[in-house]
Amino acid sequence: MTRIRIGTIVEGHGEVQALPVLLRRLAMEIAPHLWADIPPPRRVNRNSLVAAGGIEGAVHRLVSDIEGATGVLVLLDSDDDCPADLGPRLLSRARAARADVPMVVVLANREFEAWFLAAAISLRGHASLRADLKSPDDPERLRGCKEWLTNNRTGAQPYNPKKHQTSLAARFDLHLARQNSPSFDKFWRDVVYLITGKR
């Protein structure tokens, strides 16, 4: 079986556990005949990545530490930045640092959790979310996706990325999220590129 080995950089604690789960799910959708080896993500502060030399150094260290890496994915929340502006700039810098490895940069618009909101109906009743859960209008424009998840939980505890993000990443409907979230669609297409080499 052919192996792909994708190194990843994230900014949040929750993504350290959730992103490998999500990438393996996508790999099964895109190329089930391949073995997706996803080492634990490297967590790097967002401000450090955006600073001069930040993403360059982080990518170089990641590739040096992961033997046989076939690709690199950097995933950040866009927050208030425009993904179509910041993403390409970071990608250009990252590629300049390690042009020998296929590389993508994805900015979730506005947060990783917006992808869950885009497929909210597939999460009904899971992780104490409401049984009648519906996606908000235009989930990528919503500020405070984590707060939205907290407000739509039936349990007393608030949404916590470290506790809940992985289980939601394992369950949400990938196709529905792709349909309702342009940034998740870009993420999907970029993962296709890392796995198959095709755009």
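Taken together, the values in this text are just the output of simple stated rules run on the coordinates, not laboratory data. The shown structure was predicted, so the numbers you read here are calculated from the model rather than taken from an experiment. Positions of Cβ are generated from backbone atoms using ideal geometry, with glycine treated the same way; all protein chains shown enter the neighbour counts.
Take each peptide in 19-25, 48-54, count the other Cβ atoms within 10 Å of every residue, and average; sorted highest first, the result is 19-25, 48-54.
Two tests apply to each whole DSSP H helix in the chain, Cα reach of 24 Å or more along its axis and mean Kyte-Doolittle hydropathy of at least 0.0, and the ones passing both are 13-30. From the cross-link list LYS163/LYS186; LYS146/LYS198; LYS134/LYS162; LYS134/LYS163, which pairs have alpha carbons spaced over 31 Å apart? Exceeds cut-off: LYS146/LYS198.
The H on the amide N of ARG42, modeled in the peptide plane, is under 5 Å from the matching H of THR8, ILE9, VAL10, each at least 5 residues off or on a different chain. Between the C-alpha center of region 125-199 and that of region 5-84 there is a gap of 18 Å.
Between ASP79 and MET28, the contour length at 0.36 nm per residue exceeds the alpha carbon distance by 15.4 nm. Amide H contacts of VAL105 (H built 1.01 Å from N, in plane; Pro and chain starts excluded): VAL74 sit under 5 Å, all sequence-distant by 5 or more or on other chains. Listed options for Kirkwood radius over Cα pairs in Å are (i) 19.1; (ii) 17.0; (iii) 20.4. The value calculated from this structure is the one marked (ii). For the chain, the mean residue ellipticity at 222 nm estimated from helices alone is -14000 deg cm²/dmol, where every DSSP H run of n ≥ 4 contributes -39500 (n - 2.57) and the total is divided by all residues, rounded to the nearest 500. With θ taken as phi - 60° and the Karplus curve 6.51 cos²θ - 1.76 cosθ + 1.60 applied, the whole-hertz 3J(HN,Hα) list for region 149-155 is 5, 4, 5, 10, 9, 8, x Hz, x standing for glycine and proline.
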